[in-house]
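Everything below concerns the one structure shown next.
The values are calculated or read from the model by the stated rules, or taken from the named source; none is laboratory data. Worth saying up front: this structure is predicted, and the values here are computed from it rather than measured. Using ideal geometry, Cβ is built from the backbone for each residue, glycine included, and neighbour counts are taken over all protein chains shown. Side chains are part of the model used for accessible areas, which takes the heavy atoms of the whole protein and leaves out ligands, DNA and RNA. Shrake-Rupley method; radii C 1.70, N 1.55, O 1.52, S 1.80 Å.
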Amino acid sequence: MKSEKDAEQTETESQGEPDPVIQEDNENEEADISYEEINDETIAFIQLLESFKVSIEVINKFLANGYDVESLKVIERREIEELLCEPFLGDRTKIIHGLNVWRKSQNLQPVSSPLKLVQNLPQPKDQPETKQREMFSAKFLINKSAKGKQILETYKLSRILTKSQKRMITHIVIDEFKDVFGKLTHIELLSRADELGDLFPTESKESWYQPTFALVAGKKTRLGHLPKGCLYDRNCNYTALQASQQKSNDSENITPPCSPYDADWVEYQQAKTWIRHHEDEWPAVMQKWASTSVIRLYEISKLDKPTCELVLDLFPTLRKPEGYQLGRIDFDTKFPTKSAALFAKWNVLISSLKPIFVADVTDKAGKAILSLLERDLNEDCRDVAYSMLLPYILPCSVLTLLNKSKWKPSYIENRNSFVFWVQNITDLQSKVKAHHISRSENRGMLPCPLVVVVGPELTQLNTFIISFGDAFYRLPTFLKALDVCYKLHKVYNLPFAKECAGSWNLINHVIYDFPLENSCRAKILSIINVINTGS
């Protein structure tokens, strides 16, 4: 018989949200599953995974990444490998085998070979993979990279390739290729070495890649016990999971133009003072801002943990209603090829996502938003509806807060951290402030740039605003607001809100072609696979 204390505790636990959460066992530190409330679909999903004889921790990983029975019908081998790396290789084998048997019983295709991580949307249908691999030559990748082109120009003048430049060229040639197609073959490595030998003739081809054997005077000759060369080493050691940690964003990072002791730095500090006192001369401010963008981005890159407030205190002119234009200037300086990416790719992305929303959105509030897409909406309301649905297919996993407690955000909490809806503009500042205070005081999370939409109904939205610390920017359209919000995150190194990091990661990767980050990584790979299959 349960004690009154146990009964009271059971009653308390049963009143939470209907999402499954992961809790830690303080006694033995082993993962366990606990549910505040679960539906029949979730129970069926758990029972299916248990039938594969895998550990509870593995089941928790699937739950935390938003998987259900329907997603197991389309999950690919690459996604499973991303989700279950060491030390879960044995469980991974059980999952793949169990899924193959189960899919066969459902008249479905078995788990496929590793998925190609395609970074451009949509994927061309009529172009075979062999042809695509040939297109990603060393010369193509170097000329595609701003840093690569800069190294080429420098080399033409000096005829010297420094050690750091050679390392950067190696990363560009190998990393960009492996992110899309996987490892380079022996023939491809030889081809890349020949190309680099032509581009940098003062560097020996063998330093790029030397195979074990080679044909010398028509005879097969051993060159060494093992292959070697910087291309070979990088090809063996680099994995896509390193992209967000080891690769620079788009290889367009800002090189420090001066040190704090140079005259240029003194001039930069004087320019900051001038801008502060001439905010009424906006065209001149924008011109001065653009001329100091490189040094400013270098200064921000040295901040340990940049926040909205810290950036605004360093550069108070950003608080002006037109301050978002200065953020756009900095973004265009750092990522000059990506300025219009959202406007060019958005319509293609949302049209590809609609079938996924129809299949995967099961929450009542989410279905209500989904039903709006069947109505005659203006472009802004349509784009808001699509954006609000992203957190429903890319839900946040269980978060560990600063006090070590666990928190599983609800769908609405995920959505409100991505697109925040306010019905009356007179309530805007108070409600946004309450949202930020709730995150910071209750859960120890810093305020992030936030898109706010205003209107009495989601079908009657008329105002689009960015909340950036204590600054507010009014934008003409929702898509412009989404674009500005993303650029403020990206250019000032501000982390995405954890609740909606998966939604931002999808845009970051599919729209802006940056490496895929860890937030909802496996689910995003699944979505990309569905998009490419249907394109």
> Out of (1) of a type outside the set (Val, Ile, Thr); (2) modelled with pLDDT under 65; (3) outside any helix (DSSP H, G or I), the odd one out for ASP250 is which?
Replying inline: (3)
>> So in region 133-147, with the set limited to residues that are closer than 12 Å to LEU199 by Cα and either small (Gly, Ala, Ser) or touching a residue at least 60 places away in the same chain (Cβ under 8 Å) (or both), which one is surrounded by the most Cβ atoms within 10 Å (Cβ to Cβ)?
In response: ALA138
> Can you name every residue in region 137-186 that is within 27 Å of the chain's Cα centre (by Cα), in a helix (DSSP H, G or I) and of a type in the set (A, V, I, L, M)?
Replying inline: ALA138, LEU141, ILE142, ALA146, MET168, ILE169, ILE172, VAL173, ILE174, VAL180
> Looking only at residues in region 389-440 that are over 17 Å from LYS367 (Cα atoms) and among the charged types (D, E, K, R), which one is surrounded by the fewest Cβ atoms within 10 Å (Cβ to Cβ)?
Replying inline: LYS404
> Mind checking which residues of region 65-109 are loosely packed, with under 13 Cβ neighbours inside 10 Å and part of a loop (DSSP other than H, G, I, E, B)?
Replying inline: CYS85, GLU86, PRO87, GLN106, ASN107, GLN109
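Residue-by-condition table, conditions (1) within 17 Å of GLU203 (Cβ to Cβ); (2) at pLDDT 85 or above; (3) among the polar types (S, T, N, Q):
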site: VAL118; (1), (2), (3): no, no, no
site: LYS125; (1), (2), (3): no, no, no
site: PRO128; (1), (2), (3): no, no, no
site: ASN143; (1), (2), (3): no, yes, yes
site: MET168; (1), (2), (3): yes, yes, no
site: GLU188; (1), (2), (3): no, yes, no
>> Being open to solvent by less than 40 Å² (accessible area, probe 1.4 Å) and free of Cβ contacts under 8 Å to residues at least 12 places away in the same chain is the filter here; which residues of region 148-198 pass it?
In response: GLY197
>> Can you tell me how many residues within region 341-375 are under 30 Å from LEU297 (Cβ atoms) and open to solvent by 60 Å² or more (accessible area, probe 1.4 Å)?
In response: 2
> From the set of residues in region 410-448 that are farther than 18 Å from SER387 by Cα and of a type in the set (S, T, N, Q), which is modelled with the lowest pLDDT?
Replying inline: ASN442
> Can you tell me which of ASP304, ASP376 is assigned to a loop (DSSP other than H, G, I, E, B) and closer than 30 Å to TRP265 by Cα?
Replying inline: ASP304
